[in-house]
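**Q** For reference, the structure I am asking about is given below.
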Amino acid sequence: MSETPSSNVLVTGASSGIGRATALLLARRGARLVLVARGRTSLEETAAELREAGAADVLVCPGDVGDEAAVRGAVEAALGRFGRLDAVVHSAQVMAYGRIEDVPREAFETVVDTSLHGTANVARVVLPLFRRQGTGHLVVVSSLLASVATPLMGSYVAAKWGQLGLVRTLQLETRDVPGITVSAVAPGGTDTPIYSQAGTWAGSTGRPPPPVYSPHRVARAVVARLDRPRRLTQSGVLNPLVIAGFRLLPAVYDALVGPLLKVFALARDDVPPSEGNVFRSRPEGNATEGRWRGI
Ligand SMILES: NC(=O)c1ccc[n+]([C@@H]2O[C@H](COP(=O)([O-])OP(=O)(O)OC[C@H]3O[C@@H](n4cnc5c(N)ncnc54)[C@H](OP(=O)(O)O)[C@@H]3O)[C@@H](O)[C@H]2O)c1
């Protein structure tokens, strides 16, 4: 393939959900891909799928985005193999349900660290390379919850608000090199395993709020940002409405969000506290799609 912004791409969170769907879409374009996530097993499974789908080359680099050395190792491996890196899609994340007072400190901190230090590590390693190349595209998978708050997801809300602040700062700090772009894509509810993989101290399992999008649809929005960068793309038809309600009608929003969350964003089950995949990869739970049927 001729070199494009999506020729040589590193994807974090590549072994499940939106990251995996994005890698698959890029593979179908014949890209060379570097896959990063904590667990090797589901990365290897993903790599096999991508080769089958038409990827020109696939490199598996297990590592935690919270570990700067691991991120650096993956980027160096990409350079060693491909000679350059055109883009990075950063999708790695974990999630925990429960009131802030109920979620253990270590779980709260891991959710926040994955988002904040993970994104900062990726930027710290990748942007100097993009500067040397004179070009490069970073797309961060953000969330509707980077713009609104909800109960029972405090660590994730803090993580995503902070991450979007970082992304906006990175956009300002890279204005001096027109060839470098930093974009954020903010999905609403998306049918991925993140809900069943999440830790919970809320007594219930989480589920994506409707309308539930397929990860492939979000992946198309992510890949579109490689060709047409944008500061922030909302990938969810109700996102602007929810954000407007949060900002313009806070009293109404506050009265509705808790009851609506219980009905539409929590499964009607009764589960004991569980740390899910917050502290370590659970390969058996990773997949491209969840069990919620996206549109
Ligand atoms: N699904 C939704 O409804 C939704 C909505 C809005 C925004 N988002 C955002 O979309 C992105 C992807 O979420 P998803 O729903 O696709 O989740 P997912 O299916 O659970 O995938 C998460 C991926 O991140 C990896 N990962 C987790 N912690 C990591 C770490 N510390 N270092 C490296 N990799 C790590 C996981 O693999 P290992 O566990 O093996 O590391 C997995 O590959 C996240 O940024 C999330 O906030 C999702």
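The values are calculated or read from the model by the stated rules, or taken from the named source; none is laboratory data. Computed from a prediction, not measured in an experiment: that's the story for all the values here. Reconstructed Cβ throughout: ideal geometry from the backbone, glycine too, with neighbour counts over all protein chains shown.
**Q** I need a count of the residues in region 86-102 that are over 19 Å from Ala184 (Cβ atoms) and buried (at least 24 other Cβ atoms within 10 Å of the Cβ).
**A** 2
**Q** Hey, another quick one. If Arg32 satisfies every condition in (1) out of contact with any Asp or Glu (no Cβ under 6 Å at 6 or more places or on another chain); (2) surrounded by 18 or more Cβ atoms within 10 Å (Cβ to Cβ) but one, which is the exception?
**A** (1)
**Q** Report the residue count in region 85-130 for those that are assigned to a loop (DSSP other than H, G, I, E, B), closer than 19 Å to Gly73 by Cα and within 13 Å of the ligand (Cβ to nearest atom).
**A** First, pick out the residues of region 85-130 that are assigned to a loop (DSSP other than H, G, I, E, B): 85-86, 91-95, 99-104.
Now restrict to residues that are closer than 19 Å to Gly73 by Cα: 85-86, 91-92.
Going one step further and asking which of them are within 13 Å of the ligand (Cβ to nearest atom), we end up with 91-92.
Matching residues across region 85-130 total 2.
**Q** Taking the residues in region 220-266 that are part of a loop (DSSP other than H, G, I, E, B) and not β-branched (Val, Ile, Thr) as candidates, determine which candidate is surrounded by the most Cβ atoms within 10 Å (Cβ to Cβ).
**A** Here the answer is Gly236.
**Q** May I pose another question? Would you point out the residue of region 29-39, among those that are over 13 Å from the mean Cα position of the chain (by Cα) and within 9 Å of the ligand (Cβ to nearest atom), that is nearest to Val75 (Cα to Cα)?
**A** Only one residue tops the list, namely Leu35.
**Q** Please go through region 267-295 and give me each residue that is assigned to a helix (DSSP H, G or I) and within 9 Å of the ligand (Cβ to nearest atom), ordered by number. Give the derivation first.
**A** Residues of region 267-295 that are assigned to a helix (DSSP H, G or I), as a first pass: 283-285.
Within region 267-295, Pro283, Gly285 meet the criteria.
**Q** Go through Ser42, Ser15, Ser6, Ser2 for me and flag whichever is within 13 Å of the ligand (Cβ to nearest atom), among the hydroxyl-bearing types (Ser, Thr, Tyr) and either modelled with pLDDT under 95 or part of a helix (DSSP H, G or I) (or both). Break it down into steps so the answer makes sense when it comes.
**A** Numbers: Ser15 fails: either modelled with pLDDT under 95 or part of a helix (DSSP H, G or I) (or both); Ser6 fails: within 13 Å of the ligand (Cβ to nearest atom); Ser2 fails: within 13 Å of the ligand (Cβ to nearest atom).
Just one listed residue meets the conditions, Ser42.
**Q** Failed condition for Asp227, given (1) charged (D, E, K, R); (2) under 16 Å from the mean Cα position of the chain (by Cα); (3) at pLDDT below 95, with all others met?
**A** Here Asp227 clears every test but (2).
**Q** Tell me which residues, restricted to region 163-201, are charged (D, E, K, R) and within 21 Å of Val88 (Cα to Cα).
**A** Arg168, Glu173, Arg175, Asp176
**Q** Which one of the conditions (1) part of a loop (DSSP other than H, G, I, E, B); (2) within 21 Å of Thr22 (Cα to Cα); (3) not charged (D, E, K, R) does Tyr195 fail to meet, given that it meets all the rest?
**A** (1)
**Q** Just to be sure, is Leu26 away from the ligand (no atom under 12 Å from the Cβ) and part of a loop (DSSP other than H, G, I, E, B)?
**A** no
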